[in-house]
Amino acid sequence: MANPRSPSPPRKRNKTGFEDPDATQLLEEEMLPGYTPDDYYPVSIGELFESRYRVLGKLGFRMVSTAWLCRDLKEDRHVTLRVYTIEGSSESQKELKVLEHLRTMEPNHAGWYLVRRMLDTLELPGTKGPHRCIVDDPVGFTLSQFRWMCRGKIPGKKLKCVIEHLLAALDFLRSEAKVVHTKFVFIHRVDIHEHNIMLSLLDDSLLKAFEEKESAEPSVYELAGDRVIYASRPLATPKKIWELFEGKPLVRPPSPNTDVSSAVHLAKLIALLGPPPKELLKRGEASEQFFNENGEFTAGIVIPATTLEDEEGVLEGRGGCVPALHTEDAAVEARGQEIA
């Protein structure tokens, strides 16, 4: 564990926040029961830790930690930084013991590749003591999110892959790493469920998109006294999830400054989602170019005869496998996004 070191000053903050001196509007971790500001380290987007990890945006929060996407300037790659609260120090200590043990394991078992491993640790100085931090690889969706993408039920062939990967990871933890619930170390989170089983990322396209989005449209934040509370940014939008799952865009973006392209784009959206509400059209600056006063599409483009069901081609009748799974059974939290 490195000695606590003062971080570099954050970059100039973008004007996307609001001041709340009376704390009447609660955001993110402020809404958690028992929230105490000094228990959380006040991470700022743009901040540089250990002259190496640049904070790019907030991924999520829990009772005992916040999670941030960072760029490792030394390795020129994305990483996840989980910053524990003071109250979460005991939990982080247990987790670190397991993760340090897993780092010593050799890749002699197929499950070794399916368990998320710690890359680095550090401490940040806080008003009530040091905050332990864990650096690890970013991961993608939870198994519950993947099931949602499958409309509530994972298809048989893909479910088989999920089960095979999960059993391989658990077998590695039990038989090779000797990480069990009662012997090697007390693991504080022993339940295995779809919210703490993660799918790995096959490439960094989602991470690059996150970084670009944060730069173009900075996250909302609240100025609460002398600290900043950021809103979490999802790693992917439903549109991006569709593209990853189907391997093709749901709707191609219109070409800039081209009315015909915009009309084709709108026609496809109407086919998939139905006509836009009249209240929405009244607020649109360009609505008159494509819709009449009754909300009817009048751009001269035929609305294609297609539906979301027609566009989807993966859930039935195809093989393939989901990306590699990462079990969180060894107290390895993913994005830190609080799930009710």
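The values are calculated or read from the model by the stated rules, or taken from the named source; none is laboratory data. Everything quoted here is computed from the prediction, not taken from an experiment. Here Cβ is always computed from backbone atoms with ideal geometry, including for glycine, and neighbour counts include all displayed protein chains.
Values as computed for the structure displayed
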{"read-out": "Residue satisfying all of: in the stretch 265-281; in a helix (DSSP H, G or I) and modelled with pLDDT of 85 or more; surrounded by the fewest Cβ atoms within 10 Å (Cβ to Cβ) among these", "value": "LYS278"}
{"read-out": "Selection status of LEU173, surrounded by 17 or more Cβ atoms within 10 Å (Cβ to Cβ) and over 29 Å from PRO42 (Cβ atoms)", "value": "yes"}
{"read-out": "Residue satisfying condition, being out of contact with any helix residue (DSSP H, G or I) (no Cβ under 9 Å at 6 or more places or on another chain), under 22 Å from GLU211 (Cα atoms), modelled with pLDDT of 90 or more and among the basic types (Lys, Arg), within set LYS74, LYS58", "value": "LYS74"}
{"read-out": "Hits in the stretch 116-166 - residues which are among the aliphatic types (A, V, I, L, M) and surrounded by 15 or more Cβ atoms within 10 Å (Cβ to Cβ)", "value": "MET118, LEU119, LEU122, LEU124, ILE134, VAL135, VAL139, LEU143, MET149, ILE154, VAL162, LEU166"}
{"read-out": "Residues within the stretch 302-320 that are assigned to a loop (DSSP other than H, G, I, E, B) and modelled with pLDDT under 75, tallied", "value": "9"}
{"read-out": "Scope the stretch 190-224; condition over 25 Å from GLY111 (Cβ atoms) and hydroxyl-bearing (Ser, Thr, Tyr); matching residues", "value": "SER205, SER215, SER219, TYR221"}
{"read-out": "Among the residues listed as PRO125, PRO138, the single one being more than 22 Å from the chain's Cα centre (by Cα) and assigned by TED's automatic domain parsing to the domain that holds LEU207", "value": "PRO125"}
{"read-out": "Residues that are under 15 Å from LEU48 (Cα atoms) and either out of contact with any Lys or Arg (no Cβ under 8 Å at 6 or more places or on another chain) or not charged (D, E, K, R) (or both), drawn from the stretch 121-133", "value": "THR121, LEU122, LEU124, PRO125, CYS133"}
{"read-out": "Residue check, PRO107 assigned by TED's automatic domain parsing to the domain that holds LEU199, in contact with a Lys or Arg (Cβ under 9 Å, 6 or more places away or on another chain) and part of a loop (DSSP other than H, G, I, E, B)", "value": "no"}
{"read-out": "Selected residue [in the same structural domain as LEU201 (by TED's automatic domain parsing), within 25 Å of GLY225 (Cα to Cα) and more than 22 Å from the chain's Cα centre (by Cα)] from SER89, SER44", "value": "SER89"}
{"read-out": "Residue satisfying all of: in the stretch 92-115; in contact (Cβ under 8 Å) with a residue 40 or more places away in the chain and among the hydroxyl-bearing types (Ser, Thr, Tyr); surrounded by the fewest Cβ atoms within 10 Å (Cβ to Cβ) among these", "value": "TYR113"}
{"read-out": "Candidates LEU96, LEU102 - the one that is of a type outside the set (Gly, Ala, Ser), assigned to a helix (DSSP H, G or I) and more than 17 Å from ALA67 (Cβ to Cβ)", "value": "LEU102"}
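Results for (1) small (Gly, Ala, Ser); (2) surrounded by 16 or more Cβ atoms within 10 Å (Cβ to Cβ), shown as yes or no for each residue.
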position: GLU30; (1), (2): no, yes
position: VAL43; (1), (2): no, yes
position: GLY60; (1), (2): yes, yes
position: MET63; (1), (2): no, no
position: LEU69; (1), (2): no, yes
position: GLY88; (1), (2): yes, yes
